[in-house]
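Everything below concerns the one structure shown next.
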Amino acid sequence: IYADPAKRLELYFRPKDPYCHPVCANRFPTSTMLLRVRRRSRKKQQLDPEEQIQPEVQFEMEILGIVTTVYKFQGMSDFQYLAMHSGPDGKQTSMYDKVLMLKPEKEEFFNKELPLYIPPPIFSRLDTPVDYFYRPDIQHREGYNNPQVSGENLIGLSRARRPHNAIFVNFDDEEVPTKPLDAAVQNWKKVCTNPVDKKVEEELRKLFEVRPVWSRNAVKANISVHPDKLKVLLPYLAYYMLTGPWRSLWVRFGYDPRKHPEAKIYQVLDFRIRCGMKYGYAATDMPVKAKRSTYNYSLPITVKKQGSHTVSVHDLKQGLGSAGTSGAKKPPSSRYKLKESVYIFREGALPPYRQMFYQLCDLNVESLQKIIHRNDGTESECTERDGWCLAKTSDDLRDSMSLMIKQIIRSTRPALFSNTTSSEDGKEQLAYESGEDEDDEEEEEEDFKPSDGSENEMETEILDYV
């Protein structure tokens, strides 16, 4: 327990009882001394039998060392669940000799008729008392109507969600909007209260003039704007595509990418780094972190607290250095900007996450651009799956990008590929595996939902606008 700072020390009141629930102690830093104290008493000779003489007492102290960590049991004792059975007359009968196998048993032991005994899988998650501050009834203004609650979700919100008045467009819709909703205009006028906001609006207008289709992360990488203000500004200048090759992207009002073949460079590519032993490396060997993991789940016996940074005398003498400057605020021009890697793919660089959404024009690799522009000038139909590109263009792009990723990992971790074949064989292997197996892989990953609130991946932001 001491070796892992995230663990809590467990105390079992009945160590031999496997059903005993422990109480946990939290770890605290301290600066105390461990002392050894000896008490020596020596009786004096008693000359008068009636006289009571107090013995002579001496104390000896020795410092054994310094204690830097202590464990304190501050929580309450949790429920204890005994292996007992209540009979019809209310008499309790112990079942330990019937459910615990302490030695090798014969078949008769397992065929005994026993009353049902199922211990709880988990006890209370909190061992310290907490106050529940119940919310008082909300007093609404006159004319307020509660939001409609569907039969599928009977738990109402404490307040109605603030609408950001975005316009959603599906691929099969006939027309695209040419101007924002009046409510979106009013919302932005309320928010745009200083020259900085006006400057951000002009910068975003220029971005949409240069390029009519943008992802939200691409905008964040080009403009420094507070995320809450961006939520209000985007519906003021663009509409949101829900389906089709431009799904999850913002399109300038009045521009219909389905009518312009040159808009194929703005289509979205859902790229996921392939990992598995058939690709030569496992998921744990990937130098790119996943968005979420079941290993991050915290059990009740672990503690997840950010340790406070204590300043030592050495730090004061040396000056805080990088620690003192790390907390300095960024200049306003780049405070909210993201890195270019969140929306641009370059050869020789790994993506920041295992799943990325790229626009085709942001694939800055010559070989990938050749795949995209194979049918320039001969585009005949815009389909929901491939847009203005040739069929299977997305699959070809993923194969080429996966081969680049594999070569990067090969160069950084050559030990993983010590028994693999040459790069030419790797191309053939990827080309083969990207056929039928790729369809299965896409079906398995179909249930993936982008994480909420992440600023390091392009994601569907419908929930922010409904």
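The values are calculated or read from the model by the stated rules, or taken from the named source; none is laboratory data. Predicted model, so just to flag it, every value in this text is computed and none were measured. Backbone-built Cβ (ideal geometry, glycine too); neighbour counts: all protein chains shown. These area figures cover heavy atoms from the full protein model, side chains too; ligands, DNA and RNA do not enter into them. Shrake-Rupley method; radii C 1.70, N 1.55, O 1.52, S 1.80 Å.
Those residues that are farther than 20 Å from Val210 by Cβ, open to solvent by less than 50 Å² (accessible area, probe 1.4 Å) and in contact with a Cys (Cβ under 9 Å, 6 or more places away or on another chain), I need them from the stretch 337-378; list them, please.
Within the stretch 337-378, Ile371, Asn375 meet the criteria.
Just the residues that are within 14 Å of Ile265 (Cβ to Cβ) and in contact with an Asp or Glu (Cβ under 8 Å, 6 or more places away or on another chain), please, taken from the stretch 351-366.
Passing the criteria: Asn364, Val365.
Taking the stretch 16-32, which residues are surrounded by 15 or more Cβ atoms within 10 Å (Cβ to Cβ) and part of a strand (DSSP E or B)?
Once the filter is applied, which keeps residues that are surrounded by 15 or more Cβ atoms within 10 Å (Cβ to Cβ) and part of a strand (DSSP E or B), the stretch 16-32 yields Val23, Cys24, Ala25, Asn26, Arg27.
Take the conditions touching a residue at least 24 places away in the same chain (Cβ under 8 Å) and more than 36 Å from the chain's Cα centre (by Cα) and apply them to Gly65. Does it pass?
yes
Would you tally the residues in the stretch 14-45 being of a type in the set (D, E, K, R) and farther than 30 Å from Ile66 by Cα?
Adding up the residues that qualify gives 6.
Any chance the stretch 312-329 includes a residue that's out of contact with any Asp or Glu (no Cβ under 7 Å at 6 or more places or on another chain), at pLDDT 50 or above and open to solvent by 90 Å² or more (accessible area, probe 1.4 Å)?
yes
Which of the residues that make up the stretch 170-199 are surrounded by fewer than 19 Cβ atoms within 10 Å (Cβ to Cβ) and in contact with a Leu (Cβ under 7 Å, 6 or more places away or on another chain)?
If the condition is that a residue be surrounded by fewer than 19 Cβ atoms within 10 Å (Cβ to Cβ) and in contact with a Leu (Cβ under 7 Å, 6 or more places away or on another chain), then Asn170 is the only one that fits.
Select from the stretch 86-97 the residues that are exposed (fewer than 11 other Cβ atoms within 10 Å of the Cβ) and closer than 30 Å to Leu126 by Cα and list them in ascending order.
If the condition is that a residue be exposed (fewer than 11 other Cβ atoms within 10 Å of the Cβ) and closer than 30 Å to Leu126 by Cα, then Ser86, Gln92 are the ones that fit.
Applying the selection to the stretch 100-152, what residues are at pLDDT below 85, of a type in the set (Lys, Arg) and under 30 Å from Phe79 (Cβ atoms)?
Those that are at pLDDT below 85, of a type in the set (Lys, Arg) and under 30 Å from Phe79 (Cβ atoms): Arg125, Arg135.
Quick check on Leu242: is it open to solvent by 30 Å² or more (accessible area, probe 1.4 Å), within 24 Å of Ser394 (Cβ to Cβ) and within 27 Å of the chain's Cα centre (by Cα)?
Yes.
Of everything in the stretch 53-85 that's of a type in the set (S, T, N, Q) and part of a strand (DSSP E or B), which residue is least open to solvent (accessible area, probe 1.4 Å)?
Thr69
Could you tell me which residue of the stretch 105-118 is most open to solvent (accessible area, probe 1.4 Å), considering only residues that are over 22 Å from Tyr19 (Cβ atoms) and assigned to a loop (DSSP other than H, G, I, E, B)?
Lys106
Please identify the pairs in which a residue from the stretch 356-371 that is within 23 Å of Trp250 (Cβ to Cβ) and touching a residue at least 12 places away in the same chain (Cβ under 8 Å) has its Cβ atom under 6 Å from the Cβ atom of a residue that is open to solvent by 40 Å² or more (accessible area, probe 1.4 Å) and not in a helix (DSSP H, G or I), counting only partners at least 6 apart or on another chain.
Final answer for the pair search is Asn364/Arg346.
Would you confirm whether or not the stretch 15-30 contains a residue that is free of Cβ contacts under 8 Å to residues at least 40 places away in the same chain, hydrophobic (A, V, I, L, M, F, W, C) and out of contact with any helix residue (DSSP H, G or I) (no Cβ under 6 Å at 6 or more places or on another chain)?
no
Take the residues in the stretch 221-231 that are open to solvent by less than 20 Å² (accessible area, probe 1.4 Å) and part of a helix (DSSP H, G or I); name whichever of them is farthest from Gln267 (Cα to Cα).
Step by step, filter the stretch 221-231, then rank; the result is Leu230.
Looking at the stretch 155-166, can you tell me whether even one residue there is modelled with pLDDT of 80 or more and either exposed (fewer than 10 other Cβ atoms within 10 Å of the Cβ) or part of a loop (DSSP other than H, G, I, E, B) (or both)?
Yes, there is a match, as at least one residue in the stretch 155-166 is modelled with pLDDT of 80 or more and either exposed (fewer than 10 other Cβ atoms within 10 Å of the Cβ) or part of a loop (DSSP other than H, G, I, E, B) (or both).
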